[in-house]
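Heads up: the structure comes next, in structure tokens.
The values are calculated or read from the model by the stated rules, or taken from the named source; none is laboratory data. None of the values given here were measured: they were computed from a predicted structure. Because the Cβ atoms are built from the backbone with ideal geometry, glycine has one as well, and the counts that use them run over all protein chains shown.
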Amino acid sequence: MVGRDDQMKRLLEDLTISYSDEPKVIPIVGMGGIGKTTLAKEAYNNKSVLHCFDVHAWATVSQQHNRKEIFLGLLRSTIKVDDTVETSGEAELADMLQKSLKRKRYLIVLDDIWSCEVWDGVRRCFPTDDNAGSRILLTTRNDEVACYTGVENLSLWMSFMDQDESWSLFKSAAFASEALPSEFETTGKQIAEKCHGLPLTIVVVAGLLKSKREIEDWENVAKNVKSCLTNDPDELCSHVLGLSYNHMTSDLKACLLHFGIFPEDSQITAKKLMRSWMAEGFLNLENDLEGEAEKCLQELVDRCLVLVCKTSLDGAKFISFKVHDLIYDLCVREIQREKFIVI
């Protein structure tokens with residue numbers, strides 16, 4: 001994981017050492033866009049971690065949380081969820097979840113917890129008596145949640161990237177495995193530095209420049225990023241995301257904004273998304289609609305504005321997507337500002 005090697009090493013140690021102990025809670029804390037979910041996902045899918053636990057389950061919580069959906073999200077990783085389970089009440093689902101974890105070493109991830117009340121509402125489902133070595137990993141922007149849920153010395157506080165880490169992430173996102181032309185390095189480092197060490201802004205700006213191979217384009221973006229400077233990291237991130245949005249074509253903007261009509265943190269299938277774009281008339285009708293839709297999806301992914309949640313087994317096709325919650329906020333704001341209407 002670019003720029004986060006030390007934090008990843010520590011997290012893997014916390015997840016895989018001291019199996020004789022009772023279940024532990026490990027909070028990953030930091031502001032939006034700093035890479036909490038990315039770090040958690042890398043650890044969750046790590047081979048050494050996969051071998052250490054009997055059960056692995058992940059649920060995204062978000063601001064408008066729904067406890068039943070949290071339980072269902074976790075149950076989908078532990079049992080076969082059929083229509084009977086889907087239609088069960090909250091108390092029944094909580095009981096099923098607890099029974100499915102009994103006497104097993106489990107790794108639970110609760111992504112994006114906003115309040116202590118959410119934790120109090122789900123913690124009783126995680127048994128502790130015969131579950132030595134189990135871990136509950138949670139991500140949160142709220143310091144209070146971290147202190148409330150976890151042991152202080154296990155909390156992992158994510159800091160901003162330094163200049164070298166920022167440049168390394170920017171370079172890998174903008175050029176991937178390509179050789180970096182020397183004339184781009186100076187300007188690229190200036191851009192990376194002006195992102196103030198926030199990974200989301202770094203990869204979004206890098207995504208904007210990914211297809212641009214004229215130094216003048218990079219210099220223009222460097223000027224625009226400088227104009228976004230602010231002492232407020234949240235405001236900086238908002239400005240930089242807006243900068244990327246403003247560089248998009250009108251049809252691509254409409255396709256991105258469409259994510260704002262779905263509930264926050266929704267995973268949306270490629271088929272559903274493309275059909276919806278076609279129905280709304282966002283695509284060039286003179287061309288092959290499905291091909292145009294796939295092209296738009298690929299461009300949004302390349303710009304690091306859309307996250308791929310699932311691919312086909314061979315990795316050749318995208319199956320489902322979601323957007324980071326800060327990009328979701330941008331979509332909702334622009335929908336309201338532009339009076340974007342869904343037919």
Query raised in the report: All but one of (1) on the phi > 0 side of the Ramachandran plot; (2) touching a Phe, Trp or Tyr at 6+ places or on another chain (Cβ under 7 Å) hold for Asp265; which doesn't?
Result: (2)
Report task. Inspect region 129-145 for any residue being of a type in the set (A, V, I, L, M) and surrounded by fewer than 19 Cβ atoms within 10 Å (Cβ to Cβ) and give the result as yes or no. Result -> yes
Report summary line: Taking region 24-68 and keeping residues on the phi < 0 side of the Ramachandran plot, in contact with a His (Cβ under 9 Å, 6 or more places away or on another chain) and touching a residue at least 40 places away in the same chain (Cβ under 8 Å) leaves Gly32, Thr37, Tyr44, Val49
Requested in this report: Could you list, in sequence order, all residues of region 267-297 that are surrounded by fewer than 18 Cβ atoms within 10 Å (Cβ to Cβ), part of a loop (DSSP other than H, G, I, E, B) and in contact with a helix residue (DSSP H, G or I) (Cβ under 7 Å, 6 or more places away or on another chain)?
Outcome: Asn284
Requested in this report: Could you grab the pairs with beta carbons closer than 9 Å, sequence gap of 6+ or different chains, first residue in region 217-236 and in a helix (DSSP H, G or I), second one polar (S, T, N, Q) and loosely packed, with under 15 Cβ neighbours inside 10 Å?
Outcome: Asn224/Asn246; Leu236/Thr230
Report task. Could you please let me know if Ile327 is among the aliphatic types (A, V, I, L, M), at pLDDT 90 or above and surrounded by 14 or more Cβ atoms within 10 Å (Cβ to Cβ)? Result -> yes
Requested in this report: Residues being surrounded by fewer than 18 Cβ atoms within 10 Å (Cβ to Cβ) and touching a residue at least 12 places away in the same chain (Cβ under 8 Å): count how many of those fall in region 237-246.
Outcome: 1
Report task. Filter region 282-318 down to residues that are within 25 Å of Ser244 (Cβ to Cβ) and free of Cβ contacts under 8 Å to residues at least 60 places away in the same chain, then give me how many there are. Result -> 22
Requested in this report: Could you check, for region 105-122, whether at least one of its residues is of a type in the set (D, E, K, R), farther than 16 Å from Asn66 by Cα and in the same structural domain as Ile70 (by TED's automatic domain parsing)?
Outcome: yes
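One line per residue, one yes/no per condition, for (1) surrounded by 12 or more Cβ atoms within 10 Å (Cβ to Cβ); (2) at pLDDT 90 or above; (3) of a type outside the set (Ser, Thr, Tyr):
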residue	(1), (2), (3)
Ser155	yes, no, no
Gln163	no, yes, yes
Ser168	yes, yes, no
Ser182	no, no, no
Query raised in the report: When you look at Thr140, is it assigned by TED's automatic domain parsing to the domain that holds Lys80 and either more than 20 Å from the chain's Cα centre (by Cα) or at pLDDT below 90 (or both), yes or no?
Result: no
Report summary line: Exactly one of Leu252, Leu313, Leu300, Leu256 is in contact with a helix residue (DSSP H, G or I) (Cβ under 7 Å, 6 or more places away or on another chain) and farther than 22 Å from Pro199 by Cα, and that one is Leu252
Query raised in the report: For region 259-266, does any single residue satisfy the condition of being in contact (Cβ under 8 Å) with a residue 60 or more places away in the chain, more than 19 Å from Phe318 (Cα to Cα) and either loosely packed, with under 14 Cβ neighbours inside 10 Å or basic (Lys, Arg) (or both)?
Result: yes
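Conditions tested, residue by residue: (1) more than 27 Å from Leu156 (Cα to Cα); (2) within 16 Å of the chain's Cα centre (by Cα).
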position: Gly35; (1), (2): no, yes
position: Ser48; (1), (2): no, no
position: Phe53; (1), (2): no, no
position: Lys80; (1), (2): yes, no
Query - Flag if Cys237 is outside the structural domain of Ile319 (by TED's automatic domain parsing) and either in contact with a Gly (Cβ under 6 Å, 6 or more places away or on another chain) or over 23 Å from His196 (Cα atoms) (or both) - result: yes
Query raised in the report: What number of residues within region 188-216 satisfy the criterion of being in a loop (DSSP other than H, G, I, E, B) and either free of Cβ contacts under 8 Å to residues at least 24 places away in the same chain or among the charged types (D, E, K, R) (or both)?
Result: 4
**Report entry** Unmet criterion (only one of (1) assigned by TED's automatic domain parsing to the domain that holds Gly197; (2) within 20 Å of Ile26 (Cβ to Cβ)) for Leu101
**Finding:** (1)
Requested in this report: Return yes when Asp21 is acidic (Asp, Glu) and in contact (Cβ under 8 Å) with a residue 40 or more places away in the chain and no when it is not.
Outcome: yes
Query raised in the report: Taking region 215-244, which residues are more than 25 Å from the chain's Cα centre (by Cα) and hydroxyl-bearing (Ser, Thr, Tyr)?
Result: Ser227
